[in-house]
Every structure is written in C-alpha cells, then in structure tokens.
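S.K.: Quick one: the structure is below, questions incoming.
Nothing in this text is a laboratory measurement; each read-out follows from the coordinates by a stated rule. From a predicted model like this one, the values you see are computed outputs, not experimental measurements. Ideal geometry is used to build each Cβ from the backbone, glycine not excepted, and the neighbour counts take in all protein chains shown.
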Amino acid sequence: MTHQTAPMSETPPASPPPLPDRLSVDPASPFHVPAVFEHPIGIRLDGRERFDVEEYCISEGWVKVPAGRALDRKGSPLLIKLKGQVEAFYRS
C-alpha cells in the first residue's frame, strides 16, 4: 500500500501592506486604510507601546487618543493630541 500526500491547498498568508505615514481608525476619515487593519498593528510613542491610539502621524510626530469618557456631539470620543516620537509596526 502506497501513501500519497495531498497537495497543500492553503495559501501562505499575504504580506501586510506598508504602513502609511498617517492612519486613522475612523472609517469616515480620508486617512483610513482598510487593508492595513486586516493585520494587528502596534504604535509606540516615545518608546512606550500605546493601545488606545485612534490616529497617528509619523512625520509630524503625534498620536490622537481618547480624552477619558468625554464624547463630542456626534457621540464619538473626544481626542487629544500627544506629541513625541511615533513608531508604527505590525505585531507578529
């Protein structure tokens, strides 16, 4: 009796697209790139990883994070801008 192996039908995972200089979580923003959010993303501000970032810009050196529980008139969280060295990366 011979043993035959079936060809692998699984395709290797697609490589993630390059991270843009500016990215937003808000789908209504012009800086929202859906393909990037198919992979886990990490953001570091001044060497510390942040988990509450709503938007970032690497070249200008800022991130926007929610300001507590405060909401704007549309029901979205109020955001504050924190400045520093921003580093975006894909988590593995």
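S.K.: Determine the sum of side-chain charges near V65: Lys and Arg each +1, Asp and Glu each -1, restricted to other residues whose C-beta is under 14 angstrom from that of V65.
M.R.: +1
S.K.: Fewest first, what order do R73, R91 take by the number of other Cβ atoms within 10 Å?
M.R.: Listed from fewest to most nearby Cβ atoms, that is R73, R91.
S.K.: Grab the other residues whose beta carbon is less than 9 angstrom from that of D26, score K and R as +1, D and E as -1, and report the net.
M.R.: Surrounding charge for D26 is -2.
S.K.: Next question, about the same structure. Given contacts defined as C-alpha pairs under 8 Å and at least six residues apart, what's the relative contact order of region 22-90, whole-number percent?
M.R.: Relative contact order for region 22-90 comes out at 32 percent.
S.K.: Moving to a separate point now. Pull up all non-local amide H partners of L79: gap of 5 or more, or a different chain, and H-to-H distance under 5 Å with H placed in the peptide plane.
M.R.: Amide H neighbours of L79: A67.
S.K.: Quick one: net charge around K83, please, counting Lys, Arg +1 and Asp, Glu -1 for every other residue with C-beta under 10 Å from its C-beta. Walk me through the numbers on the way to the answer.
M.R.: On the way: positive: K81; negative: D46, E60.
Summing Lys/Arg as +1 and Asp/Glu as -1 gives -1.
S.K.: Would you kindly state how much longer the chain becomes between A67 and V25 on full extension, computed as 0.36 nm times their sequence separation minus their alpha carbon distance, in nm to one decimal?
M.R.: In short, 13.5 nm is gained.
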